[in-house]
Amino acid sequence: MRRFAYERAADTAGAIATVSGSSPAAFLAGGTNLVDLMKLGVEAPELLVDITRLPLDRIETTDGGVRIGAGVRNSDLVADLVIRRQLPVLARAVLAGASGQLRNVATVGGNLLQRTRCLYFQDVSKPCNKRMPGSGCPAMEGDHRNLAILGGSPSCIATHASDMAVALVALDAIVHLEDSGGPRAVPIGELYRLPGDEPHRDTTLPRGSLITAVEIPPLGFSRRSTYRKVRDRASYAFAVASVAAALDVHEGVVRDVRMALGAVAPVPWRAHRAEDALRGQPATEASFRRAAEAELADARPRRDNGFKVPLMSNVITRSLSDLAGLGP
Ligand SMILES: Cc1cc2nc3c(=O)[nH]c(=O)nc-3n(C[C@H](O)[C@H](O)[C@H](O)COP(=O)(O)OP(=O)(O)OC[C@H]3O[C@@H](n4cnc5c(N)ncnc54)[C@H](O)[C@@H]3O)c2cc1C
Ligand code: SF4
């Protein structure tokens, strides 16, 4: 690990000014992703600005919604009764991520901005367009079992790692930010970007942007929601495929639905096609299967990750069937 300086931010404006400045600096929250990447030589900030003492650690109810500070620890989020009762999809997604020890220090902001787990990205002895623009993508012909089947480009097929972000995309969360231009808010769907020919840019955020909070607008049927994660081990493993879903069924017909997919695309993937295919349809397993197939019609698997297409279809169908109260 290279030498770096450390300072604790006294206030938000000072933290933003320092990280937006000319020398390479980064916000340090729980450090569970950033410090790992520094040890591997993938990230090399000269200055870490510790933001854990900033007043960003509150969970508040708003007009029917919830506002979660960016510094809230993942464990505290899962333990919150409002989150557990009103937003089971979010509680389950966070609980499905990492381990108890990691969740005790990992924060909401850091979770949203964690970087991909693509093996080549983490191995500085290998080329990688995301880590070093223009150097190539060995994953295309190499180890891509866990990588994207949707939304990838010839430059990069990395998947997004966060479970929490998948739930927040399904819930249409708003991300509150502050940068040198002042505070602003962006829909979470506009936070992440597909790789195209610039895979090194994971998000639309300018340098020095501080996430201050995530706001979840009211959703009448959010209590009927779930997160289902398939992984290689029963716990403490990243997803191979996951679904965040909320379903509103009235007299056997799907009145509304929200759905996002994880571990199949470079971004948490909002399943708009499946949602459109479902509204107004009978809440049956056949409808859920058709919706999954509509969403996956554009899937472009490579040699070793074709299994994700039927897997994802099954995970979507099972999750929606459970929410609709259909038996196994
Ligand atoms: C062994 C292991 C297993 C894991 N398994 C899972 C899993 O199954 N599912 C899952 O979702 N995650 C998993 N994780 C990832 C873990 O959840 C993330 O490392 C964690 O959420 C990052 O949060 P942090 O607060 O530690 O972020 P940090 O490491 O401190 O920061 C991460 C990035 O976000 C930036 N940042 C942090 N906060 C802010 C902010 N408020 N505004 C702007 N930028 C900010 C930092 O500068 C840095 O670039 C795992 C991690 C490990 C090590
Ligand atoms: S898939 Fe993306 S992150 Fe992985 S090696 Fe290729 S360019 Fe790098």
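The values are calculated or read from the model by the stated rules, or taken from the named source; none is laboratory data. Everything numeric here is computed off the predicted structure, so don't read it as measured data. Virtual Cβ from ideal backbone geometry, glycine too; neighbours counted across all protein chains shown. Accessible surface areas use protein heavy atoms only, side chains included; no ligands, DNA or RNA. Shrake-Rupley method; radii C 1.70, N 1.55, O 1.52, S 1.80 Å.
Considering only protein heavy atoms, with the full assembly of protein chains and a 1.4 angstrom probe, order Ser22, Ser75, Ser242 by accessible area, largest first.
Working: Ser22 115, Ser75 30, Ser242 0 Å².
From most exposed to least exposed: Ser22, Ser75, Ser242.
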Using the Kyte-Doolittle scale, find the helices of the chain whose mean hydropathy is at least -0.5 and whose Cα atoms extend 20 Å or more along the helix's long axis, counting only whole DSSP H runs. 308-323
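For the pair Arg223 and Arg58, what calculated FRET efficiency results from E = 1/(1 + (r/R0)^6), where r is the Cβ-Cβ distance and R0 = 25 Å, to the nearest 0.05? The partial results should precede the final answer.
Details: r = 23 Å, r/R0 = 0.91.
Calculated transfer efficiency: 0.65.
Need one word for segment 216-321: rounded, prolate or oblate. Basis is the Cα gyration tensor (sqrt eigenvalues a ≥ b ≥ c); a/c below 1.5 gives rounded, then a/b vs b/c decides.
Details: a/c = 1.94, a/b = 1.46, b/c = 1.33.
Because a/c hits 1.5 or more and a/b exceeds b/c, segment 216-321 counts as prolate.
By per-residue mean of other Cβ atoms within 10 Å, what is the highest-first order of 38-44, 223-229? Each step should come with its number before you reach the end.
On the way: 38-44: 15.0, 223-229: 21.0.
Highest to lowest by the protection proxy: 223-229, 38-44.
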Amide proton proximity set for Val254, modelled H, under 5 Å, gap of 5+: Gly280, Gln281, Ala283
In segment 238-328, which GluC sites (Glu not before Pro) fall in coil by DSSP and have 12 or fewer other Cβ atoms within 10 Å? Glu251
For the chain, with a Gaussian network of springs between Cα atoms less than 10 Å apart, report the residue from Arg300, Arg115, Arg258 with the top mean-square fluctuation. Arg300
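Roll a 1.4 angstrom probe over the protein heavy atoms and tell me the percent of accessible area of segment 193-271 that is carbon or sulfur.
With neighbouring chains kept in place, the figure for segment 193-271 is 48 percent.
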Can you list the lysines whose alpha carbon is less than 22 Å from that of Lys39, not counting same-chain residues fewer than 8 positions off? Lys126, Lys130
In terms of the alpha carbon gyration tensor, root eigenvalues a ≥ b ≥ c, rounded if a/c is under 1.5 and otherwise prolate when a/b exceeds b/c or oblate, the chain is oblate
Between segment 82-111 and segment 119-158, how far is it from one alpha carbon centroid to the other, in angstrom? 28 Å
Taking the solvent-accessible surface of protein heavy atoms with a 1.4 Å probe, what is the per residue accessible area of segment 163-215 in Å²? 38 Å²
GNM on the chain, C-alpha springs below 10 Å: top fluctuator among Ser99, Ser180, Ser125? Ser125
Post the alpha-carbon centroid distance, segment 267-304 to segment 178-252, in whole angstrom. 18 Å
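Please work out how much length the chain gains when fully extended from Arg289 to Ala10, using 0.36 nm per residue of separation minus the C-alpha to C-alpha distance, in nm with one decimal. Don't skip to the end; give the middle numbers.
On the way: separation 279, 0.36 × 279 = 100.44 nm, distance 5.19 nm.
The Arg289-Ala10 span can extend by a further 95.2 nm.
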Would you calculate a helix-derived [θ] at 222 nm for the chain, using -39,500 (n - 2.57) for each DSSP H run of n ≥ 4 and dividing by the full residue count, to the nearest 500? -7500 deg cm²/dmol
